[in-house]
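A short worksheet on the structure shown next.
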Amino acid sequence: MMYEHLAIDDATLREQNGEHTAREIAQQPEIWLRTAELVERQCARLDAWLAPILAQPALRIILTGAGTSAYVGETLAPYLTRALERRIEAISTTDLVSNPQDYLLRQQPTLLISYARSGNSPESVGAYELADQCIDDCYHLVITCNRDGELARRAQDNSNSYSLLMLEETLDQSFAMTSSFTAMIVSTLQVFAPGPDRWKPWPQPHAGYWIAASIRCARWHSGISAAWYFSARAA
């Protein structure tokens, strides 16, 4: 009997339709390391794009997403607020689309960081469009797991946008978001948290710091995903 993921034999995983979920939970430690390497390879280009944006003293930063992707921003906002010493807001795409006048300020420069697994959710695309319509000086950092998604395509075609594509393996096939969720957390920490040669003059953390931070940030979500899987097996 072969045990490939989460100490569950392959036959049981197939029978319970749990192959994707088990694999995507188990692959996360490797995905985190490879995600950090992926972002680091784009470091020079990312820095060149972000530096003049972050240099604006009145810049507002909004983290947004639809469904579980919205929780990425909610998880990161408190930590990034402290790390960058500037206010970071997490506002779901549902709120932005339904009441843009309550959240988007025309005369305040804004960096909208959009998280998306597929990038095809109507509210994610809608939030991207509305931000451009409602804000005079708007920038987009799109962090998505689907290079073929509508959000990624739009970001690649606009000079005010940067599309940061996650590894292909993070485009989760299971119902629950696991690798996609934690990879987007790791990539954001790798972009904004590293230290003295980036956006805030603070001591460089040791190599495992951002990994430990991402584990702490995502532990509750991965636990929920695992609990969902095992409860489905027991049903």
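From the list E129, E123, which residue is touching a residue at least 40 places away in the same chain (Cβ under 8 Å), touching a helix residue (DSSP H, G or I) at 6+ places or on another chain (Cβ under 9 Å) and open to solvent by 40 Å² or more (accessible area, probe 1.4 Å)?
That would be E123, the only listed residue that is touching a residue at least 40 places away in the same chain (Cβ under 8 Å), touching a helix residue (DSSP H, G or I) at 6+ places or on another chain (Cβ under 9 Å) and open to solvent by 40 Å² or more (accessible area, probe 1.4 Å).
Any idea which of L63, L80, L76, L59 is in contact with a Gly (Cβ under 6 Å, 6 or more places away or on another chain) and not basic (K, R)? Can you show your working first?
On the way: L80 fails: in contact with a Gly (Cβ under 6 Å, 6 or more places away or on another chain); L76 fails: in contact with a Gly (Cβ under 6 Å, 6 or more places away or on another chain); L59 fails: in contact with a Gly (Cβ under 6 Å, 6 or more places away or on another chain).
Exactly one of L63, L80, L76, L59 is in contact with a Gly (Cβ under 6 Å, 6 or more places away or on another chain) and not basic (K, R), namely L63.
Under 9 Å between Cβ atoms, at least 6 apart or on separate chains: pull out the pairs that start in the range 160-179 with a residue that is within 30 Å of D136 (Cβ to Cβ) and open to solvent by less than 10 Å² (accessible area, probe 1.4 Å) and end on any residue that is modelled with pLDDT of 85 or more and among the small types (G, A, S).
Once the first residue is within 30 Å of D136 (Cβ to Cβ) and open to solvent by less than 10 Å² (accessible area, probe 1.4 Å) and sits in the range 160-179, its partners that are modelled with pLDDT of 85 or more and among the small types (G, A, S) give L164/A155; L164/S187.
When residues of the range 79-93 are filtered for being within 19 Å of G67 (Cα to Cα) and open to solvent by 80 Å² or more (accessible area, probe 1.4 Å), how many remain?
0
So which of R233, R154 is at pLDDT below 75 and basic (K, R)?
Every option except R233 fails the conditions.
Being within 21 Å of Q56 (Cβ to Cβ) and within 15 Å of the chain's Cα centre (by Cα) is the filter; apply it to the range 132-150 and report the residue that is surrounded by the fewest Cβ atoms within 10 Å (Cβ to Cβ).
H140
Would you please name the residue that is nearest to T75 (Cα to Cα), looking only at residues in the range 13-33 that are buried (at least 17 other Cβ atoms within 10 Å of the Cβ) and modelled with pLDDT of 85 or more?
Per the criteria, the residue is W32.
Can you list the helices (runs of 4 or more DSSP H) found entirely within the range 39-119 that contain at least 2 residues being closer than 17 Å to L151 by Cβ?
Values: elements: 43-54, 68-84, 93-98, 100-103.
In the range 39-119, the matching helices (runs of 4 or more DSSP H) lie at 68-84, 93-98.
The values are calculated or read from the model by the stated rules, or taken from the named source; none is laboratory data. Values in this document were obtained by computation on a predicted structure and should not be read as measured data. When we count neighbours, we look across all protein chains shown, and the Cβ atoms used for this are built from the backbone with ideal geometry, even at glycine. Accessible surface is based on the protein model in full, side chains and every heavy atom, while ligands, DNA and RNA are left aside. Shrake-Rupley method; radii C 1.70, N 1.55, O 1.52, S 1.80 Å.
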